[in-house]
Amino acid sequence: MINTLVVGEIKDGKLSENSFDLLKISDKLSDRTSLVLCTSSQDNVPLDDIKILPVDFIYLLKIPSLDIDRGIYDIDTYALSVFLNSKDFNLILFSKSEYGSVVAPRVAFRNKKKYLSDCTGISLKEDLFLIERPIYGGVAIAEYQVSTNISPVFSIRSGLQNLDDISNNKIAAIEEIDIQFNEPHPAKMIEEYSNDSLEEIKLEDAKIIVSGGRGLGNEIAFEELKKLANLLGGALGASRAACDAGWIDHSLQIGLTGKTVTPDLYISVGISGASQHLAGCSMSKNIVAINNDKDANIFNVARFGVIGDWNQIIKSFISSIEDLSLK
Amino acid sequence: MTIEIAVLAKQVLDSETPSHLFKINADSNNLEIEDNSAPIINGFDLNATEAALRLRDEGHEVNITVIMAGFNFVNEVIKKTLSMGADNLILIENESLISCDSSFTVEVLSKAINKIGNFDIILAGRHASDFDNGHVPIGIAERLRLPIITYASDIKIIDSILRIKRVIPSGYQFIESKSPCVVTVSNEIGEPRYPNLRGIMTATKKQPKIITINDLEIEPPSEKEINLTKVFIPKINLDTEYIKGDDESELGRNLAMRLKEEGLI
Ligand SMILES: Cc1cc2nc3c(=O)[nH]c(=O)nc-3n(C[C@H](O)[C@H](O)[C@H](O)COP(=O)(O)OP(=O)(O)OC[C@H]3O[C@@H](n4cnc5c(N)ncnc54)[C@H](O)[C@@H]3O)c2cc1C
C-alpha cells in the first residue's frame, strides 16, 4: 500500500496549480494521499475547495512564527520535519517550484531521506518507484529505481502534460497541528521586492509568449519584441544569454533555471535552442522559431520555422498583424 | 581578521556542448562528448568563486579555499579557480563521488569542511550542470546545521553580518545572516572574471592539497538506495513547417497569415 504525502503551496489564496498536479499524480500512484500545508495565522486556506479534491487527509500545520519570517523557509523546513517525525509515508512529493527546490532537499537531508529533484516521470512497479528526470539540462534522460520502503522525497517538474483528470468521491478529513518554532534563527529575510507589475501578464499565465535571445544583438531590439507581445496580448520572455547580457531583467528568463512556461504559442527570436532553454519552454503547444541559422537546434522543437534575419521578419510580421486585425 | 571562505566546486562535462555531440557511455551509464573535449568547472561554481573574489576586491581580507570532490580530475581544468585568484585548492578524489546519489558527496564535503577548519562562509554554485540537482550545498548546510541561503546574486559583509541579495521568481529578497553559513550563488551575480597572466603563473606553481576519504574516516556506500538504471538521449522528431518567402518581409507576412489561419493569433 502506497501512502503518499503531498506538500502543498498556497498562492493568492488558492492551492497552487503545481500542488494540484501533485494530487493528480499521487491519486494515480497511491492508495492514500495526504496533503500538508504550512500556514501562518494570516494565511487564508481555501479548505472548502481543497477538501473535495482527491485527498484522504489534510494536515494544516499552524505555525505562528511564519508571520514573522518566511524568507528562506527555515520555519517551513522545521515544521515539516517535526510533522514527518510523527507520521509514516512511503513517498513525499514537492513541486519543483522555488519553494520545493529549497524545502524538499532540506527536509530530505534533515530527515535522512533520499531525494531526487525535478522528476518528469514517476510510476510504480511492485515495490519500486520508477523515476525519469532530465540531466545535463535536458540533453539526456536518466531513469532511476528507488525502493518504496525508504520513503524518498521527490520534487516534480511543473507543467507536465497529460495528467489524467480526476474524479473524486471522497471528502478529506482535516487535522490541525500547532507547531511552535523556537530554534535559533541566524538568517532572516529583511526585505522583499517584486518585479511583477499588475498590468502585465505573468509569463506563467500567458497564452502567447514572444521570447528573445542573444541573436537580437542589443537591448533596443527587445522594445520591438515588447511591441509584438503587446499587440498579441502576450508576455515577453528571454533566454539566459540575453538576460546575462543585461538587455532584459532576469525575472523574464525562461528555462531550467528560469521560468517554466506552457503557452499556446511561443515565438522564439534569435534563440539557438540550448537544452537548458528548452527545459522551460518545450511544453508550449506551438513553437515558432525565427533564426538565421538553418541548423539551429530550436528548429528541432518548432512547429513553424522561419529562417532569416529577425529584424526585418519581425517588422513585417508586426505590420501584417496590424493589417490583419483591421480587417 | 581574515574571513575564511570555502568555495565548493565540481568538475563537469560542458552541458552547453551542442547536443548532437553527446553520446551515451554504456559502461559508466553516463554521458560523454564525442570529441573528448576537456571538462569544465561547473559554471555556477565559477560564479561562487567570483563572489568570493569580489569580497576581496571590496577590501575584506579573505582566504579562499576551493574544495573539489570528484573523480578523474584534469589538472589544467581544476586549476582554473586558482588562476582566477583563489588561494588554496583541495581535492578529494573517489569513484563513488560521481554517483547519482549525492548523500555520499554531502558526507565527504561536510567532514572535509569540519576537518579543514573554521570557515566563515561556505559558497557553492546553485547546482551542478551535469545532474542539475542542486542539493549538495543544501545537504551540507543541513548536516552541519548551518543557515542555507540559496540563489545569491550579491553578497556584502557589513559589520561581520552577511547581507545577501537572493533571487526569487517574482523579484528578489535581502537576507541577513550571521556566519558561518552556506550560500549558493547564481549566474545573476555576473560573469566570472578571466584569469590574468599573473593568476595563471601563480596557479601553475601552486599544488593542490589531496585529502582522501580515509583521512576523513569515511567508507564509500556499500549499498545503493537510488539506482540509476538507464540514461538515454531523447529523440525529438517534430515535422517543422518552414515558412516560405523570397525575402524577410515576405517571410514575416507569410508567418502572420499562417498563424492567423491556424487560429494561433
Ligand atoms: C546549468 C545551466 C543552466 C542554464 N539555464 C538556462 C536557462 O534557464 N535559460 C536559458 O535560456 N539558458 C540557460 N542556460 C544557458 C544555455 O545553455 C544557453 O547558453 C543559452 O540559452 C543561449 O542563449 P541564446 O539562445 O539566446 O544564445 P545563443 O546560443 O548564442 O544563440 C543565439 C541565436 O541567435 C541566432 N541569431 C544571431 N543573429 C541573428 C539574426 N540576426 N536573426 C536571427 N537569428 C539570429 C543565432 O543563429 C543563434 O542560434 C543554462 C546553462 C547552464 C549550464
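The values are calculated or read from the model by the stated rules, or taken from the named source; none is laboratory data. The structure displayed is predicted, hence computed values, not measured ones. Because the Cβ atoms are built from the backbone with ideal geometry, glycine has one as well, and the counts that use them run over all protein chains shown.
Please note which helices (runs of 4 or more DSSP H) are completely contained in region A:209-327 and include at least 3 residues that are farther than 21 Å from residue B:258 by Cα, near the ligand (Cβ under 7 Å from one of its atoms) and not assigned by TED's automatic domain parsing to the domain that holds residue A:120. Before you say what the answer is, go through the steps one by one.
Details: elements: A:221-231, A:240-244, A:275-281, A:310-326.
Once the helices (runs of 4 or more DSSP H) in region A:209-327 are filtered for at least 3 residues that are farther than 21 Å from residue B:258 by Cα, near the ligand (Cβ under 7 Å from one of its atoms) and not assigned by TED's automatic domain parsing to the domain that holds residue A:120, what remains is A:240-244, A:275-281.
For region B:59-81, a tally of residues being more than 16 Å from residue B:44 (Cα to Cα) and hydrophobic (A, V, I, L, M, F, W, C) returns 5. Considering region B:17-39, the residues that are without any contact (Cβ under 8 Å) to a residue 60 or more places away in the chain and within 12 Å of chain A (Cβ to nearest Cβ) include one that is farthest from the ligand (Cβ to nearest atom), namely B:25. In region B:71-94, the residues that are touching a residue at least 12 places away in the same chain (Cβ under 8 Å) reach residues that are acidic (Asp, Glu) with C-beta atoms within less than 7 angstrom, at least six apart or across chains, in these pairs: B:71/B:93; B:71/B:95; B:73/B:93.
Total residues in region B:100-134 satisfying the condition of being part of a loop (DSSP other than H, G, I, E, B), more than 16 Å from the chain's Cα centre (by Cα) and either crowded, with 19+ Cβ neighbours inside 10 Å or within 14 Å of chain A (Cβ to nearest Cβ) (or both): the figure is 3. If you go through region B:40-49 one residue at a time, do you hit one that is among the aliphatic types (A, V, I, L, M), more than 16 Å from the ligand (Cβ to nearest atom), in the same structural domain as residue B:122 (by TED's automatic domain parsing) and buried (at least 20 other Cβ atoms within 10 Å of the Cβ)? Looking for residues that are among the aliphatic types (A, V, I, L, M), more than 16 Å from the ligand (Cβ to nearest atom), in the same structural domain as residue B:122 (by TED's automatic domain parsing) and buried (at least 20 other Cβ atoms within 10 Å of the Cβ), one finds none in region B:40-49, hence no. Taking (1) more than 18 Å from residue A:186 (Cβ to Cβ); (2) within 10 Å of chain A (Cβ to nearest Cβ); (3) of a type outside the set (A, V, I, L, M); (4) in a strand (DSSP E or B) in turn, residue B:150 satisfies each apart from (1).
Identify the residue in region B:171-185 that is more than 7 Å from chain A (Cβ to nearest Cβ) and either free of Cβ contacts under 8 Å to residues at least 60 places away in the same chain or of a type in the set (Ser, Thr, Tyr) (or both) and, among all such residues, is surrounded by the fewest Cβ atoms within 10 Å (Cβ to Cβ).
Result: B:179.
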